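The values are calculated or read from the model by the stated rules, or taken from the named source; none is laboratory data. No experiment lies behind these values; they were computed from the predicted model shown. Note: ideal-geometry Cβ built from the backbone for every residue, glycine included; neighbour counts use all protein chains shown. Areas reflect the complete protein model, heavy atoms only, side chains present, ligands, DNA and RNA absent. Shrake-Rupley method; radii C 1.70, N 1.55, O 1.52, S 1.80 Å.
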Protein chains: 2
Amino acid sequence: MSIGELLAGREGLRIEDPRQTSVSVHAYLRDLIISGAIPPGTQLKQAELARVLAVSRTPLREAFRMLQEEGLVSAEPNQRSVVLGLDAEALDSLYAARITLESLGARLTAGRMTREEVRSAAAAHKEMDRTYRAGDYASWTVAHRRFHRLLVGRSGAPVLRTISSYAEQSERYVRIDQLTNTQDFEARQREHQAIFDAVRHGDGKAAVVEMARHLSGSARRVVEAHAPGRGTPFVDAALDLLLCDCSDAASDSG
Amino acid sequence: MSIGELLAGREGLRIEDPRQTSVSVHAYLRDLIISGAIPPGTQLKQAELARVLAVSRTPLREAFRMLQEEGLVSAEPNQRSVVLGLDAEALDSLYAARITLESLGARLTAGRMTREEVRSAAAAHKEMDRTYRAGDYASWTVAHRRFHRLLVGRSGAPVLRTISSYAEQSERYVRIDQLTNTQDFEARQREHQAIFDAVRHGDGKAAVVEMARHLSGSARRVVEAHAPGRGTPFVDAALDLLLCDCSDAASDSG
DNA sequence: TCACATGAAACTGTCGACAGTTATCGCGAT
DNA sequence: ATCGCGATAACTGTCGACAGTTTCATGTGA
């Protein structure tokens, strides 16, 4: 599938800041890749894309560089760029890292949310409920992102960047149909609530437990959907690490 | 200090792959920034740099984009790029994340190193000793990097990328004079040995403990050097998280 | 029918130039 | 002396074009 056809019906690029076309292009392509609209394996030909987006190849190439640095696009010299995907192992390890960092983030944030942040997180949580019931998954995603972001808000800039990057990467593999089961949705909303309560009330330990539980659930469903029966050894190890396997039931098998 | 003067005496850019000037430029500048040769605050003027490096501005700008994505260089539209530095808080949180990820990495790698990797790590450890005694800190850094890399080698691609990035970022703030005290050096070599032993023998729990201890020591020294008396709350929280503060001596103070 | 060479077409990487924006310096007013 | 203001210089962002590389189709031989 050519990139031209993929973008055919879609609304074109909107250049936010005419002083920097390349960042708009970057944001545009990044969104399309992360949302899954441009699936892994798609070839991105510079000339074609430049024509479709009505920009020259210079800013387009700069956007490519940024996407490459994020690991979203291949970077072989003199070869077409290709949208990259994650295999099961990469997905597993990505989630393992996300769980550790986001749990750490929740712990750092526990008891340190401002009144305003608490209000905003509560609003996001409510918004998630509303948009889900309305079937507006695009808006749900936005609210969900904001909610998670607020719960790790005191992590410090470098960590926040990584967390966001990981979260977006894994979003690509969360299939919408995993949300459509109302029962599962309710359960996940309760998980969100549990994390929120722990962080808000300053219970760092509980925040870690709830965050790890929540994310590992996602991880298992996502990996199971893409590689049935594989299991999630990386995620499991991360959980052991975080959830204090103080017992000597050592789980390291050569 | 202009970038032209900074690079004056230094040996110029060596273009590895003439098919992609931009990646050579990126690697070149990245090294200079990470090694501290180009300090934070330095202004990078495109025309001047392009002249000094004898490349056109197009590949140079693409290299800039990559550096920006890594957080090494500023990205204000229509403004000169500036080499960015980390403040104490960012440094603290960077180390906290590095500790969690690298400990997780050590745990994932524990008992899974190949014979070849064990041999290689042992060689790197010996090399660190040799280069230190010879005062060849550049080579020491290379060996040190390789050693750490091998001990987290089974982490999965995405996590490895982040770990490397964090490690390099923090390297900028490790001052050489912290190494010149022989007694400290011996102690750190013992720490390295302890991590190595734990990972090699498949003791994941010990690997985490030793790795966390080792890195947190570095973190404290580095932060203390740059912000005396500040302490390392982020790192401390990460340690609590990793080292099983199962006791209810909760350390979350609103 | 298949493997392989060959040339054309398509694509990537780089360059110099132009347009628009920001910084700088000098001048005048307060 | 200090602040504001304008003209000029310096710099960034984008573009179209050229050179080098890869890909693909076509034809040739076994």
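Given a 1.4 Å probe and every protein chain left where it sits, what share in percent of the accessible area of the protein assembly as shown is carbon and sulfur?
Ligands and nucleic acids excluded, carbon and sulfur reach 49 percent.
Relative contact order for chain B: what is it in percent, counting Cα pairs under 8 Å that are at least 6 residues apart?
Computed value for chain B: 21 percent relative contact order.
Taking the Cα centre of chain B as the origin, how large is its charge dipole in debye, to the nearest 20, when only Lys and Arg (+1) and Asp and Glu (-1) carry charge on their Cβ atoms?
About 860 debye.
Give me the Å³ per residue figure for the convex hull around the C-alpha atoms of chain A. Intermediate values should be presented prior to the final figure.
Working: hull volume 40.5 nm³, N = 254.
Convex hull volume per residue, Cα atoms: 159 Å³.
Mind listing the label-point distances from B:R57 to the same position on all other copies, shortest first, one decimal in nm, points 7 Å along Cα→Cβ?
Here B:R57 shows inter-copy label distances of 1.9 nm.
As an exercise, use a Förster radius of 56 Å and the Cβ-Cβ distance of A:H226 and B:S2 to find the FRET efficiency, rounded to the nearest 0.05.
0.65
Using amide H atoms built in the peptide plane, which far-off residues or other-chain residues are under 5 Å from A:V73 H to H?
Residues meeting the criterion, in which the H sits 1.01 Å from N, are A:Q68, A:L84.
Just the C-alpha atoms of region A:1-72: what Rg/Rh do they give, with Rh taken as the Kirkwood radius?
For region A:1-72, the value is 0.91.
Once the Cβ-Cβ distance between A:C244 and A:A134 is put in as r, and R0 is 35 Å, what FRET efficiency do you end up with, to the nearest 0.05?
The computed FRET efficiency comes out at 0.30.
Give me the angle, in degrees from 0 to 90, between the Cα long axis of helix B:137-151 and the longest principal axis of the Cα atoms of chain B, rounded to the nearest 10.
So the helix axis and the longest Cα principal axis differ by about 50 degrees.
Over the Cα atoms of the protein assembly as shown, how large are the radius of gyration and the largest Cα-Cα distance (Dmax), in Å?
23.3, 69
Angle check, please: helix A:233-242 long axis (alpha carbons) against the longest principal axis of chain A (alpha carbons), in degrees 0 to 90, nearest 10.
50 degrees
Relative to the present Cα-Cα distance, how much length would full extension add between A:D31 and A:A54 at 0.36 nm per residue of separation?
Full extension of this stretch gives 6.5 nm more.
Could you compute the net charge surrounding B:M66? Neighbours are other residues with a C-beta less than 12 Å from the C-beta of B:M66; K and R count +1, D and E count -1.
Summing Lys and Arg as +1 and Asp and Glu as -1 gives -1.
What does the buried accessible surface come to for A and B, summed over both chains, with the probe at 1.4 Å? Round to 100 Å².
Accessible area lost upon association: around 4600 Å².
Probe 1.4 Å, all protein chains in place: accessible area of A:I15 in Å², nearest 10?
In the full protein context, A:I15 sits at about 70 Å².
Under the rule of -39500 (n - 2.57) per DSSP H run of 4 or more residues, summed and divided by the residues of the protein assembly as shown, what mean residue ellipticity at 222 nm is obtained, to the nearest 500 deg cm²/dmol?
-21000 deg cm²/dmol
So for the pair A:A47, A:E76, with labels modelled 7 Å out along Cα→Cβ, what separation do we get in nm?
Going from the A:A47 label point to the A:E76 one covers 2.0 nm.
Using only Cα atoms and rounding to the nearest 10 degrees, what angle (0 to 90) does helix A:182-200 make with the longest principal axis of chain A?
Taking Cα atoms only, the helix is inclined about 70 degrees.
Using the heavy atoms of the protein chains alone and a 1.4 angstrom probe, what is the accessible area of the protein assembly as shown per residue in square angstrom?
45 Å²
Given a 1.4 Å probe, show me the residues in region B:54-96 buried by at least 50 Å² of accessible surface when comparing the whole protein assembly to the chain alone.
Residues meeting the cut-off: B:E62, B:R65, B:M66, B:E69, B:P77.
Give me the distance between the Cα centres of region B:182-228 and region B:7-35, rounded to whole Å.
Rounded to whole Å, the Cα centres lie 32 Å apart.
So the label point sits 7 Å from Cα along the Cα-to-Cβ vector; using that for B:K126, what distances do you get to the other copies, in nanometres, sorted shortest first?
6.8
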